[in-house]
Amino acid sequence: MFDSYHQSITSSLQYTYGSYGSGPHKCSRRRCCAGWVVVVDGKCVAYFTSNPLLPATINPSPAFRLLLLLPLSRLRYSKLNFDFSPENSFLRLPSRLLPSTLASAGRETPSVAGIINPGSDGFQKLFFGQEEIAIPVHPTIEAACNAHPTADVFINFASFRSAAASSMSALKQPTIRVVAIIAEGVPESDTKQLISYARANNKVILGPATVGGIQAGAFKIGDTAGTIDNIIQCKLYRPGSVGFVSKSGGMSNEMYSTIARVTDGIYEGIAIGGDVFPGSTLSDHILRFNNIPQVKMMVVLGELGGKDEYSLVEALKQGKVQKPVVAWVSGTCARLFKSEVQFGHAGAKSGGELESAQAKNQALKDAGAVVPTSYEALETAIKETFEKLVEDGKISPVTEITPPPIPEDLKTAIKSGKVRAPTHIISTISDDRGEEPCYAGVPMSTIIEQGYGVGDVISLLWFKRSLPRYCTQFIEMCIMLCADHGPCVSGAHNSIVTARAGKDLVSSLVSGLLTIGPRFGGAIDDAARYFKDAYDRSLTPYEFVEGMKKKGIRVPGIGHRIKSRDNRDKRVQLLQKYAHTHFPSVKYMEYAVQVETYTLSKANNLVLNVDGAIGSLFLDLLSGSGMFSKQEIDEIVEIGYLNGLFVLARSIGLIGHTFDQKRLKQPLYRHPWEDVLYTK
């Protein structure tokens, strides 16, 4: 497509740039089929593999590939669809990724070679047919061009704010020969500077405000032709005999359908864009089509404003175009308005009679183009021109093929009911799909407006129900009482040492949490399990303790390194007092106290500790609230809910110790020699 562009560019540049006030641009013929390079927001490249549909005389490079570069924030919602058959196949990038791309057949490697995401590198996962692949990501235009030196066309999808700067950056790359600019609204002064630089350095600009182009059955860039359904409807999955060029991107989609209805379809279509100063003109592409053997006739759709169409008029008059041209210039309705009218495109504004649609249509007709009397008659004109070429034997019937199926995106297929797929994760505690997140069905606004506390949130997310206030207050009480126990316990010590080693908050926190287990803070679940089993089996404290002794198991929840009969743990006393006041039943706690009475007869420090108190009282909370079945209580204890309370609570203290050490700017900790017994 763009190789043949270079074939004709030498002879057509006088028409391309004549309106800019400078003479013809001298340019030697150069092949550009090495590839496409694409830019988004300053950094984006793309590149195509070998295209067997290019004219045989061109001898396209076997390394012809497409390199796409765009922000990953847009890629994450996207896929690349490829499908292949021996005769014809195509690649499709959905428009939500960026304007679609259609690739040629026979490729064993993806046509997308790389992506540019400013400041990032790595890989982006995409689909190649039904296979998931990783496409390299480049941080800059320079990096992408160095990685793909044969890619020489740069398609810029950046917004009008940055399109000029990123396009200039691309033009300054020695490997880039052609820059296509998609954005509308690029300042005219910037466009002129880009064109001036390109002309001075023997480079070409397409656009600005181009919607893209398509070579049927080969590739597609931009939003041209729309969805895959429209591509099939317009027979763009295989080449026809018509070359089409338009200023309007939207009307080009309509014309693809029109041409498909009355001819054998499009060979190639281009929308040059509707800005006042286009980088390439209608005549450039008509002259290029004239040199492509597969193109037997051309269709041109111009518009009022500017003098671009007159370069085509001159080319026709000078005999530079030997193939039939069917043309129509839109905007004839402008004469119905009393004052000058600005249509959708920046260049679609009649600046006088010479720039009117009527004058351009008449000039084209006088120069030898087939010009209908109205847009409605354009389809008939195309049909009659095509049929005459068939009758004269200049067009052979195209063998129709069935386009291969394109793998559908899973979400699309599921939505249409074509497939069903199992989910990979089940969640019953929260839902963030609506207008606001919900915890166990309770909207976030309700939680805030009704004054829910931390205990209420825990009851929703852990137990999937709203527990009575005395229950949630007990949960909060446990968290407050267990938040910290000084710097000397193993968890706090680990966090302090880690923080002083210069590690981050998460590392310091995890270091402390990893010490929680059977010997430190992790005995709540075991205490609840053993106390519940003993009480439910009606074991006496003696039978329970001695039975544990015979098994060689310490009684969880009993014993403390510091606390004793005469120095009780204040935390245990506060929890017991609260339970006696608010709980409907404290049978498990009373059983734990009976066990403590027996163990104190053996040693003065075998007191009920905070693990045993929380474990037994939580059993009373679960059973006494009447909101849990026996099976649910057993499951809660077995899963490890109760240790979760200690982990949650102690995280507060461990974070505090981490911040404390960093605030104090404490140096690396080294344990003193005198506190170590060195022995053999």
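Filtering the range 306-331 down to residues that are touching a residue at least 24 places away in the same chain (Cβ under 8 Å) and part of a loop (DSSP other than H, G, I, E, B), which residue is surrounded by the most Cβ atoms within 10 Å (Cβ to Cβ)? Explain how you work it out, then say what you get.
Restricting attention to the range 306-331, the residues satisfying the condition of being touching a residue at least 24 places away in the same chain (Cβ under 8 Å) are 306-317, 320-331.
With part of a loop (DSSP other than H, G, I, E, B) added as a condition, the list becomes 306-307, 320-324, 331.
Working: GLY306: 26, LYS307: 14, LYS320: 17, VAL321: 20, GLN322: 8, LYS323: 17, PRO324: 18, GLY331: 22.
My answer is GLY306.
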* **Residue list for the range 604-629, filter: open to solvent by 30 Å² or more (accessible area, probe 1.4 Å) and under 21 Å from MET548 (Cβ atoms)** => ASN604, ASN605, LEU606
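Quick grid of which residues meet (1) more than 21 Å from ALA216 (Cβ to Cβ); (2) touching a His at 6+ places or on another chain (Cβ under 6 Å); (3) in contact (Cβ under 8 Å) with a residue 12 or more places away in the chain; (4) aliphatic (A, V, I, L, M):
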position	(1), (2), (3), (4)
LEU389	no, no, yes, yes
LYS394	no, no, yes, no
ILE406	no, no, yes, yes
ASP409	yes, no, yes, no
ALA413	yes, no, no, yes
LYS418	yes, no, no, no
ALA421	yes, no, no, yes
ILE426	yes, no, no, yes
* Looking at the range 312-333, which of its residues are at pLDDT 90 or above and polar (S, T, N, Q)? -> GLN318, GLN322
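To keep it simple, each residue is scored yes or no on (1) hydrophobic (A, V, I, L, M, F, W, C); (2) assigned by the TED database to the domain that holds PHE583; (3) touching a residue at least 60 places away in the same chain (Cβ under 8 Å); (4) in contact with a Ser or Thr (Cβ under 8 Å, 6 or more places away or on another chain).
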position: ALA440; (1), (2), (3), (4): yes, no, no, yes
position: GLU449; (1), (2), (3), (4): no, no, no, no
position: CYS471; (1), (2), (3), (4): yes, no, yes, yes
position: ARG500; (1), (2), (3), (4): no, no, yes, no
* To do: Among the helices (runs of 4 or more DSSP H) lying completely within the range 222-305, list those that include at least 3 residues that are of a type outside the set (Val, Ile, Thr), modelled with pLDDT of 95 or more and in contact with an Asp or Glu (Cβ under 7 Å, 6 or more places away or on another chain).
  => none
* Asked: If we keep just the residues of the range 160-174 that are part of a loop (DSSP other than H, G, I, E, B) and open to solvent by less than 40 Å² (accessible area, probe 1.4 Å), which is farthest from GLY222 (Cα to Cα)?
  -> GLN173
* From the set of residues in the range 408-465 that are exposed (fewer than 15 other Cβ atoms within 10 Å of the Cβ) and at positive phi, which is nearest to the chain's Cα centre (by Cα)? -> GLY417
* To do: Looking only at the range 392-407, count how many residues are open to solvent by 90 Å² or more (accessible area, probe 1.4 Å) and at pLDDT below 75.
  => 1
* **Matching entry among TYR678, TYR591 (being hydroxyl-bearing (Ser, Thr, Tyr) and touching a helix residue (DSSP H, G or I) at 6+ places or on another chain (Cβ under 6 Å))** => TYR591
* Structure fact -> Conditions (1) out of contact with any Pro (no Cβ under 9 Å at 6 or more places or on another chain); (2) among the hydroxyl-bearing types (Ser, Thr, Tyr); (3) under 22 Å from SER248 (Cβ atoms) -> THR210 fails only (1)
* Considering only residues of the range 640-660 that are over 38 Å from the mean Cα position of the chain (by Cα) and open to solvent by 20 Å² or more (accessible area, probe 1.4 Å), which is nearest to ARG571 (Cα to Cα)? -> ASN643
* Can you name the residue in the range 135-173 that is aliphatic (A, V, I, L, M) and in contact with a Lys or Arg (Cβ under 6 Å, 6 or more places away or on another chain) and, of all such residues, is farthest from GLN193 (Cα to Cα)? -> ILE141
* So which pairs qualify, if the first residue must be in the range 115-137 and within 20 Å of ALA151 (Cα to Cα), the second must be among the hydroxyl-bearing types (Ser, Thr, Tyr), the Cβ gap must be under 9 Å, and the two must be at least 6 apart or on different chains? -> ILE116/THR140; ASN117/SER73; PRO118/THR140; VAL137/SER120
* Of the residues that sit in the range 112-124 and are at pLDDT 85 or above and either acidic (Asp, Glu) or open to solvent by 60 Å² or more (accessible area, probe 1.4 Å) (or both), which one is nearest to MET168 (Cα to Cα)? -> ASP121
* **Looking only at the range 186-222, and only at residues there that are open to solvent by 50 Å² or more (accessible area, probe 1.4 Å) and among the small types (Gly, Ala, Ser), the one that is farthest from the chain's Cα centre (by Cα)** => ALA200
* **So SER339, is it at pLDDT below 65 and more than 23 Å from GLY207 (Cα to Cα)** => yes
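Condition check ((1) over 19 Å from GLY624 (Cβ atoms); (2) without any contact (Cβ under 8 Å) to a residue 24 or more places away in the chain; (3) assigned to a strand (DSSP E or B); (4) open to solvent by 70 Å² or more (accessible area, probe 1.4 Å)) across all residues:
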residue	(1), (2), (3), (4)
PHE531	no, no, no, no
GLU543	yes, yes, no, yes
LYS550	yes, yes, no, yes
ILE553	yes, yes, no, no
LEU575	no, no, no, no
PRO584	no, no, no, yes
* Quick one: in the range 466-510, which of the residues that are of a type in the set (A, V, I, L, M), within 30 Å of GLY626 (Cβ to Cβ) and in a helix (DSSP H, G or I) is most open to solvent (accessible area, probe 1.4 Å)? -> MET480
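The values are calculated or read from the model by the stated rules, or taken from the named source; none is laboratory data. Worth saying up front: this structure is predicted, and the values here are computed from it rather than measured. Cβ coordinates were reconstructed from backbone atoms using ideal geometry, including for glycine residues, and neighbour counts include every protein chain displayed. For the accessible areas, the whole protein counts, side chains as well, though only heavy atoms, and no ligand, DNA or RNA atoms are used. Shrake-Rupley method; radii C 1.70, N 1.55, O 1.52, S 1.80 Å.
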